[in-house]
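Participant: What follows is a structure written as structure tokens; I'll ask about it next.
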Amino acid sequence: MNSDAVRAVFDRQMRRETPGDGPGVRVERAGDVVRQTGGGGDWNGVLWSGLGEDGADADAVIAAQVKHFGALGLEFEWKLYSHDTPHDLGARLAAAGFEAEPAEALMVAEVAELPTEVRLPEGVRLVPVTDAAGVRLMGEAHDEAFGSDSSRIQHQVLTRLEADPEGLVAVLAMAGDRPVCAARIEFQTGTDFASLWGGG
């Protein structure tokens, strides 16, 4: 696999030309950025930016996005990848008041090359999540694993299950009546990618 080529396809399909990650959201190009805007329970933010190596207009572009989401009363995230330019974009975002979250890794694999055997610990079973009750149990597992409020994720998963049940598969690991883990895969229509979430 050519990592540079895959990264270029990922940037195009999942960042610059993405249809968005749920019903009711709007993805639009605003100058040098592609952003997703939805409601308070949706993920809102900048998906991609093409600010160039010198970043001459970077600070103005950042300020414009802060103004856009601020006018709507929405919290938002700026998705920053290590190959994004300018190379000091992280520092510029911090200077504008953004707080960096822990670094994450983008991992891409051909599905055909992945192991598919499932080995569960004794007493643990997998249960598909198809309704609000299952989503609430996912939230319990998330809150315990990550120590953060899952209400936004629950809203997003339930909305996606109701509007596009083929676009998301969610699973709970249950030990008796207790949810001990939850994960989901989201299929992005019109792309070569699906994304994995959760697993804590």
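Participant: Kindly report the accessible area of region 1-137 per residue (heavy atoms of protein chains, probe 1.4 Å, no ligands, DNA or RNA), in Å².
Facilitator: Spelled out: the 1.4 Å probe surface of region 1-137, per residue, equals 63 Å².
Participant: Using helices alone, what [θ] at 222 nm do you get for the chain, with -39,500 (n - 2.57) per DSSP H run of 4 or more residues, divided over all residues and rounded to the nearest 500? Present the calculation step by step, with values, prior to reporting the outcome.
Facilitator: Values: 5 runs with 57 residues, N = 200.
Only helices count here, giving -8500 deg cm²/dmol.
Participant: Hey, in the GNM for the chain with a 10 angstrom Cα cutoff, which one of 150, 49, 82 fluctuates hardest?
Facilitator: Result for the chain, Cα springs under 10 Å: 82 fluctuates most.
Participant: Hey, if you drop one equal point scatterer on each alpha-carbon of region 1-107 and run the Debye formula without solvent, what base-10 log of I(q)/I(0) do you get at q = 0.13, 0.16 Å⁻¹?
Facilitator: -0.48, -0.74
Participant: Where does each of 3, 195 land when they are ordered by accessible area, with a 1.4 Å probe and the largest first?
Facilitator: Correct descending sequence by accessible area is 3, 195.
Participant: Moving to a separate point now. Taking θ = phi - 60°, what integer Hz values does the Karplus form 6.51 cos²θ - 1.76 cosθ + 1.60 yield along region 157-164, in sequence order, with x for Gly and Pro?
Facilitator: These are the phi-based 3J(HN,Hα) values: 5, 5, 4, 5, 4, 6, 8, 8 Hz.
Participant: Once phi is turned into ³J(HN,Hα) by the Karplus curve 6.51 cos²θ - 1.76 cosθ + 1.60 with θ = phi - 60°, what whole-Hz value does each residue of region 85-90 show in order, with x for glycine and proline?
Facilitator: Each residue of region 85-90 in turn: 10, x, 5, 9, 4, x Hz.
Participant: Now a separate question. If you project the alpha carbons of the chain onto their three principal axes, what span does each projection cover, largest first, in Å?
Facilitator: Extents along the principal axes, in whole Å: 58, 41, 29.
Participant: With a 1.4 Å probe and all protein chains kept in place, how much accessible area does residue 104 have, in Å² rounded to the nearest 10?
Facilitator: Solvent-accessible area, nearest 10 Å²: 150 Å².
Participant: Choose one answer from 96, 109, 175: the residue with the largest mean-square fluctuation in a GNM of the chain with alpha-carbon springs under 10 Å.
Facilitator: 109
Participant: Over the Cα atoms of region 1-51, what Rg and Dmax result, in angstrom?
Facilitator: 12.1, 39
Participant: Over all directions, the average projected area of the alpha-carbon convex hull for region 132-175 comes to how many nm²? List each step's numbers first, then the result.
Facilitator: Values: hull surface 12.4 nm².
Average of the hull's projected areas for region 132-175 equals 3.1 nm².
Participant: Taking amide H positions as placed in the peptide plane 1.01 Å from N, state which residues far from residue 200 in sequence (5 or more) or on other chains have amide H under 5 Å from it.
Facilitator: Hits under the 5 Å cutoff: 182.
Participant: Can you give the direction-averaged projected area of the convex hull of the alpha-carbon atoms in region 78-130, in nm²?
Facilitator: 7.4
The values are calculated or read from the model by the stated rules, or taken from the named source; none is laboratory data. Quick caveat, the model's predicted, so the values are computed rather than measured. Side chains included, ligands, DNA and RNA excluded: accessible areas come from the protein's heavy atoms. Shrake-Rupley method; radii C 1.70, N 1.55, O 1.52, S 1.80 Å.
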